[in-house]
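All remarks here apply to the structure that follows.
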Amino acid sequence: MPRNRVALAAALALLATPALSACGGSSAASDADVVTVYSADGLKGENGDGWYDKVFADFEKQTGIKVEYVEGGSGEMVQRAVREKSNPQADVLVTLPPFIQQAGRKGLLQKYAPQGADQVSGADKAADGTWTSVVDNYFGFVYDKKELKQAPRTWDELLDGKYRNRLQYSTPGVAGDGTAVLVKAMHDFGGKDQALAYLKKLQANNVGPSASTGKLAPKVDKGELLVANGDVQMNYAQTKSMPGLGIWFPAGPGGRPSTFALPYAAGLVTRAPHSGNGRKLLDFMLGRRQQQEVSEIGGGFSSRKDVKATDADAIALAGLMDGVEVFEPDWDDIDRNLTSYVEDWKSATGS
């Protein structure tokens, strides 16, 4: 073939290659040395100092595989993967419950047990092998330590007039932590109807919807908000650069503060364009060294039972959880009924 025809064929091949728009630019989805991650926010640092930043950089250095990263709310990431189901663009999907269960139910995840998954407790991985926790985490709230002398203790305290337009929580059904607000309220108030009756009253103080929980903590640190929802991992990591944040847990029905596990769960996308690279990244994230760094760098808890971090951050995190009751939601029920729960929440709050 003449040289000019070879060049033309190569150019046409490049034009035909599908591209994926990601944070920081775009990349060719057919590139053999790339892996694309769709993830809930919280593990990537705002200043390049998060757990993802370290893990991805180390992974690329060790394997030569570039990580393309796309971030959003848990529900947003699942919906994006649903829209692309006939032509998947992501290799790895990381979301909070119940969205990881939703992804599995919608056929978005293929079975793969990463190396080290045998050291992850049964509650933190799918029975069918489609997802595994890579960072353990817990639901929580943040408050402005500069303006409030102490954290609120109960849900009812948040109905006080001083929180009017100074309180915000992310949107259930869109953000994983926003959905967690609804889950915890249903548990604490003894059912859906009781929880919605409370959240309807709380709406008088609520600023309004937010698709991303990660955007709320900076508002609390700046004093724009007094209280917002979040999760322990993300908010603890944010305290390094936002010293005005305090983490707290609303008291449950017995008068004790309570929470539940909200792990970052990762799965290999069905028909992923780079399944082999996706497997390598999942193995890497569950590696002992990466798990050892979860607390010190990421502000979270290792998913592996055989990794016992002893750094100062791990000790501080353990102290934060001391005395807090941890309950286990019925994730199967929440997954099955999430759409109706969110619709009922919208009706109750007028959102």
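Things to note:
- Taking a straight Cα-Cα cut-off under 18 Å and skipping sequence neighbours fewer than 8 places away in the same chain, the aspartates and glutamates within cross-link reach of LYS162 are ASP144, GLU147, ASP221, GLU224.
- Note: relative contact order over the chain, using C-alpha pairs below 8 Å and six or more positions apart, is 24 percent.
- Per residue value of the accessible surface for the chain (all protein chains in place, 1.4 Å probe), Å²: 43 Å²
- Accessible surface of the chain, 1.4 Å probe: 50 percent of it comes from carbon and sulfur atoms.
- Sorting ARG80, ARG279, ARG271 by solvent-accessible area of protein heavy atoms yields ARG271, ARG279, ARG80, largest first, with a 1.4 Å probe.
- For region 209-351, a crude dipole built from +1 on the beta carbon of Lys and Arg and -1 on the beta carbon of Asp and Glu, taken about the Cα centre, is about 540 debye to the nearest 20.
- Taken about its Cα centre, the chain carries a charge dipole of roughly 700 debye when the Cβ of each Lys and Arg holds +1 and the Cβ of each Asp and Glu holds -1.
- Long-range HN-HN contacts of ASN206 with modeled amide H, under 5 Å: ASN165
- Couplings for region 272-284, taken from phi via the Karplus curve 6.51 cos²θ - 1.76 cosθ + 1.60 with θ = phi - 60°, read 4, x, 9, 4, x, 5, x, 4, 4, 5, 4, 4, 5 Hz in order; Gly and Pro are left as x.
- In terms of distances greater than 30 angstrom between alpha carbons, the cross-link table entries LYS280/LYS308; LYS66/LYS145; LYS54/LYS111; LYS44/LYS201 yield LYS66/LYS145; LYS44/LYS201.
- The 1.4 Å probe gives accessible areas that order SER241, SER340, largest first, as SER241, SER340.
- Around the amide H of GLY140, modelled in the peptide plane, lie the amide H atoms of GLY230, ASP231, VAL232, all under 5 Å away and 5 or more residues distant in sequence or on another chain.
- Using θ = phi - 60° and Karplus 6.51 cos²θ - 1.76 cosθ + 1.60, couplings along region 243-249 (whole Hz; Gly, Pro as x): x, x, 7, x, 9, 8, 10
- The antiparallel fraction among DSSP beta bridges confined to the chain stands at about 65%.
- Using the Karplus relation 6.51 cos²θ - 1.76 cosθ + 1.60 with θ = phi - 60°, the per-residue 3J(HN,Hα) values for region 117-132 come to 5, 5, 9, 9, 4, x, 6, 9, 8, 6, 5, 8, x, 8, 8, 9 Hz, with x marking Gly and Pro.
- Placing +1 on each Lys and Arg Cβ and -1 on each Asp and Glu Cβ, with no other charges, gives region 160-210 a dipole about its Cα centre of roughly 200 debye.
- For LYS66, residues with placed amide H under 5 Å, excluding near neighbours: VAL34, VAL35
- A value for percent of Cα pairs over 29 Å apart was derived from the coordinates, and within the list (i) 35; (ii) 39; (iii) 45 it appears as (ii).
- Loop-located GluC sites (Glu not before Pro) across region 119-224 with a Cβ neighbour count of 15 or fewer within 10 Å are GLU147, GLU224, with loop assigned by DSSP.
The values are calculated or read from the model by the stated rules, or taken from the named source; none is laboratory data. The model shown is predicted, which means the values in this text are computed figures rather than measured ones. Neighbour counts are summed over all protein chains in view; Cβ atoms, including those assigned to glycine, are modelled from backbone coordinates with ideal geometry. With ligands, DNA and RNA removed, areas are computed over all heavy atoms of the protein, side chains included. Shrake-Rupley method; radii C 1.70, N 1.55, O 1.52, S 1.80 Å.
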